[in-house]
Amino acid sequence: MRKRSHLDSLDQEIRDHIEAETQANLDRGMKQNEARRAAFCKFGNVSRIREDTYAVWHVIWLEQLLQDIRYGARTFRRNPGFAAVIFLTLALAIGMNTAVFSVVEAVLFRPLAYPSAGRLVWLASYDVDYESDHDNLVNRADYSTWKDQSHSFESIAAYGNQDLALMYKGQPSQERVVSITGGFWSLTGAQAALGRLFPEGEPHAIVLSHELFQRRFNGDPHILGQSVNINGFPFTITGVLPKSFEFLLPQQYSGAGERRIDAYIAFPKSAMRLPMSDSNSWKAIVQEFGPIPDYVCVVARLRSGISLATARSEMDSIRGRIVQGHDAYEHQFDNFQRWRMKMLKEKLAGGARPALMVLLAAVGFVLLIAGANIANLLLARATTRRREIAVRAAMGAGRTRVIRQFLTEGVLLALAGGAAGLLLAHGAIVVMIRDLPHALPRLAQTRIDGPILLLTAAVSCFTGILFGLPPAVMLWHNNLQDTLKVSIHTSTGSGGHIRTREILVAIELALAVVLLTGAGLMVKGFRRMTAAPPGFDPSSILTLSVSLAGAQYGTWAAQQAYIQTLLARLQAFPGVEAAGIDSYTLHTNVKVEGLSPHSAATASFVGIRAVSAGYLRVMGVPLLPQYGVGHWPSDRQMLDDVLVNESFARSLSLNGESVVGRHISGSFVTGTIIGVVADFKYSQLDAEPMPEIYTSYELAPVTTRMLVNVFVRTSGSREPDARTIEEIVANIDRTQPVYNVQTLEQALAGSVAPRRFNLFLLGTFAGTALLLAIIGIYGVIAYSVALRTQEIGIRMALGASRAQVLGMVIVKGLCLAAAGILLGTSAALGLTRLMVSLLYDVKATDPTTFVSVALLLVITALLACLEPALRAALIDPMIALRHE
């Protein structure tokens with residue numbers, strides 16, 4: 001009301017001023033109309049003076065912004081189809097960006113939920129012959145020396161996880177249990193939700209995770225003080241951790257991070273300083289305290305003010321003193337041992353950082369493509385609004401006000417699309433966490449929080465300005481008088497506007513080429529990764545695991561009896577073609593004897609697989625006759641003879657000589673080679689096959705409980721009956737839990753979850769980019785045909801055939817596509833080199849992929865041009881000549 005009152009008073013003053021000037025002109029002898037016109041000319045632009053005066057009283061820019069928002073909303077309501085296309089495009093693009101931003105923030109940037117997490121470091125030893133960033137384990141005695149002699153750390157803790165059998169009320173289950181040293185609780189900031197946390201070294205005490213507490217004990221608080229059996233040893237429940245506590249540290253062994261930690265027990269103090277060579281004392285400690293990991297993982301917190309470089313220098317000195325104190329037996333391993341230290345957050349991110357950076361760039365490209373597409377739509381719409389804008393400018397609206405109107409409309413659309421994108425991103429994150437929980441470290445912590453909301457709002461505003469600017473700039477250069485004189489279709493600016501739109505579409509196509517090339521390289525690598533030798537069908541192979549635990553399996557004879565019973569029962573079950581086990585993989589050097597002088601008879605570093613005779617028959621891999629005629633052994637024959645894989649045979653460089661019949665010898669195996677089998681992948685799809693020897697599980701140097709991985713092949717094409725086979729194995733001994741029941745195909749798919757995650761997202765981005773690029777080409781060609789309707793009519797009236805018109809339009813579209821493809825291919829040649837770590841057995845410059853992507857873009861561009869071209873060819877010349 002106050003605003004209305006001020007405006008009414010201002011209008012009354014303006015009217016009074018004009019009336020007074022008009023009366024003065026009448027007194028000077030002017031006619032009525034002439035006197036009033038002269039008064040208006042002398043006063044000036046009424047609307048501009050009205051706005052300038054009102055601006056002195058109020059915050060005019062806010063008033064004008066609200067006017068622009070209301071006007072933009074009315075405009076979109078009048079064109080719901082146009083607004084819907086832009087809204088959906090923005091929702092998709094911004095939603096993709098928000099989802100990827102959230103994942104990147106959770107995996108790479110969010111601090112760990114531990115005290116002073118920014119000072120936590122990871123320390124590890126590794127074997128130079130078998131270097132892996134996953135399997136970094138530390139000698140227990142080395143850890144004790146580090147703890148005693150280091151001064152750079154505020155606290156240091158060791159831990160080791162194992163999969164152990166938990167027996168409660170006669171029901172077994174396999175749980176992941178961590179043995180910890182005293183500094184673990186303070187380093188992670190853990191507090192008990194129920195009961196207490198055991199102190200360092202307290203024997204036979206166990207603390208449960210909240211998830212295990214609910215799953216196995218039904219959340220009953222009275223279980224505190226009760227006893228459970230862990231691998232046959234009694235442990236007393238002392239406490240339960242809160243639901244909010246998460247074990248975020250690296251776990252032992254590749255793929256170990258695929259399960260949550262279920263319980264915590266104490267590392268016996270007497271075991272920490274025991275030399276690795278003292279096996280008798282080790283067995284005595286295990287018999288007293290229960291299961292203990294052979295090696296440990298180590299995490300420490302730097303002292304405040306101590307740099308990583310300073311701590312590394314100190315640890316190098318300690319490592320040198322440790323090596324000097326080794327005896328002759330230990331010295332033989334020192335040349336193969338190294339150690340590393342890095343920030344814990346960097347360790348947890350692992351190989352995810354380059355993949356996420358590639359995905360972040362890819363989703364940014366999708367946003368740019370969407371912005372270019374929307375800018376094209378707004379350019380077309382701006383052409384139809386030129387007369388409206390010219391009229392507004394003639395009535396007093398300045399160019400800045402008009403441009404601000406376009407930018408306001410762009411930001412308004414972008415914010416609406418951003419809000420919808422948040423909903424899409426939330427849904428995508430829920431699906432990713434549910435279906436691919438182990439694809440990335442800390443993926444389960446992904447959420448849309450305050451920083452992500454602010455980032456999404458900023459991206460939305462930036463996008464709105466980005467696609468709102470081109471039409472605004474186009475109108476800046478308009479000649480308003482010419483615009484008011486001519487019609488829309490004969491506007492002199494149309495050619496320039498078409499060129500601007502063509503440039504935007506070429507950029508879209510170039511970005512699409514980059515994304516499609518990256519996705520194509522990953523698809524090709526994934527196909528090679530999943531390729532299997534003839535006969536190897538992982539979908540028809542069931543795999544499960546049994547960990548023989550408890551006093552009844554303390555001897556090798558008892559373990560062997562269990563395995564023989566297991567194999568006999570499985571092989572007797574109807575529908576089972578073959579059954580076998582795989583128990584251990586050891587790595588050592590071996591020599592092959594009896595080779596000719598020109599053959600490579602040097603020692604090789606190989607994997608020794610301890611399996612049953614039926615294992616390779618379950619896998620269905622063939623014997624390869626090119627390396628010598630071999631045969632399948634029996635279990636008894638495998639005590640003296642071995643099989644090798646193709647990688648082992650190729651490593652010998654025999655130059656056509658037979659491998660079969662050669663004698664091998666090494667630390668854990670001796671025997672005669674009786675056959676060569678094809679390479680196959682049994683645990684990790686993206687691991688390169690390494691030389692392997694298959695020997696009897698009865699010869700494995702078993703020092704602790706035996707882990708038995710069971711493999712069963714069923715007849716026919718149907719999947720194995722997992723429930724029945726699991727029950728057969730469980731009935732052998734109900735105290736031994738059966739776990740990891742799945743087909744080998746499922747197990748292998750899980751081993752490459754990160755690659756599948758990256759491939760899925762990049763493929764989705766590339767497909768979206770291709771769709772947007774097709775829409776962009778179609779829009780430009782269709783708009784060009786609409787503007788050239790009269791020209792096409794004249795051409796046809798002068799003798800041009802419909803085929804010539806069709807060719808003219810298609811050639812224009814293909815030229816546009818060729819420019820984008822050429823630009824995109826040049827960019828892809830440089831950018832795909834940044835994703836080498838994501839590829840498998842494929843070069844970043846693979847010519848087949850580049851050519852395929854180019855052909856795909858040409859075909860899609862042709863299809864996008866076809867409908868506008870046919871429409872142009874079917875134009876009636878008489879109607880076109882009258883087109884206005």
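Some points to look at:
- Residue in region 730-742 that is at pLDDT 85 or above and in contact with an Asp or Glu (Cβ under 7 Å, 6 or more places away or on another chain) present: yes
Okay, residues lined up against (1) out of contact with any helix residue (DSSP H, G or I) (no Cβ under 6 Å at 6 or more places or on another chain); (2) small (G, A, S); (3) open to solvent by less than 30 Å² (accessible area, probe 1.4 Å):
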{"site": "T98", "(1), (2), (3)": "no, no, yes"}
{"site": "V104", "(1), (2), (3)": "no, no, yes"}
{"site": "N161", "(1), (2), (3)": "yes, no, yes"}
{"site": "Q171", "(1), (2), (3)": "yes, no, no"}
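- Only one of L707, L616, L685 that is open to solvent by 50 Å² or more (accessible area, probe 1.4 Å), among the hydrophobic types (A, V, I, L, M, F, W, C), within 30 Å of Q174 (Cβ to Cβ) and touching a residue at least 60 places away in the same chain (Cβ under 8 Å): L707
- Candidates are the residues of region 742-754 that are open to solvent by 20 Å² or more (accessible area, probe 1.4 Å) and touching a Ser or Thr at 6+ places or on another chain (Cβ under 8 Å); the one that is nearest to P538 (Cα to Cα) is E745.
- Only residues that are free of Cβ contacts under 8 Å to residues at least 60 places away in the same chain, polar (S, T, N, Q) and under 24 Å from W122 (Cα atoms) were counted in region 275-323, giving 3.
For (1) open to solvent by 10 Å² or more (accessible area, probe 1.4 Å); (2) out of contact with any Ser or Thr (no Cβ under 9 Å at 6 or more places or on another chain); (3) in contact (Cβ under 8 Å) with a residue 12 or more places away in the chain, each residue gets a yes or a no:
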position	(1), (2), (3)
R527	yes, yes, no
S540	no, no, yes
G550	yes, no, yes
A557	yes, yes, no
A561	yes, yes, no
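- Counting only residues that are under 13 Å from L521 (Cα atoms) and in contact (Cβ under 8 Å) with a residue 40 or more places away in the chain, region 816-841 holds 10 of them.
- Within region 296-312, considering residues that are of a type outside the set (D, E, K, R) and buried (at least 20 other Cβ atoms within 10 Å of the Cβ), the one farthest from T181 (Cα to Cα): A311
- Qualifying positions in region 712-721 - modelled with pLDDT of 85 or more and either part of a helix (DSSP H, G or I) or out of contact with any Asp or Glu (no Cβ under 7 Å at 6 or more places or on another chain) (or both): V712
- Summed over region 632-649, residues that are farther than 21 Å from A579 by Cα and without any contact (Cβ under 8 Å) to a residue 24 or more places away in the chain total 0.
- Meets criteria (surrounded by 22 or more Cβ atoms within 10 Å (Cβ to Cβ) and among the β-branched types (V, I, T)) for V676: yes
- Only one of S209, S186, S152, S144 that is among the small types (G, A, S) and open to solvent by 20 Å² or more (accessible area, probe 1.4 Å): S186
- Considering only residues in region 213-241 that are of a type in the set (G, A, S) and assigned to a strand (DSSP E or B), the one that is surrounded by the fewest Cβ atoms within 10 Å (Cβ to Cβ) turns out to be S227.
The values are calculated or read from the model by the stated rules, or taken from the named source; none is laboratory data. Here the structure is a predicted model, which is why all the values come from computation and not from measurement. When we count neighbours, we look across all protein chains shown, and the Cβ atoms used for this are built from the backbone with ideal geometry, even at glycine. Side chains are part of the model used for accessible areas, which takes the heavy atoms of the whole protein and leaves out ligands, DNA and RNA. Shrake-Rupley method; radii C 1.70, N 1.55, O 1.52, S 1.80 Å.
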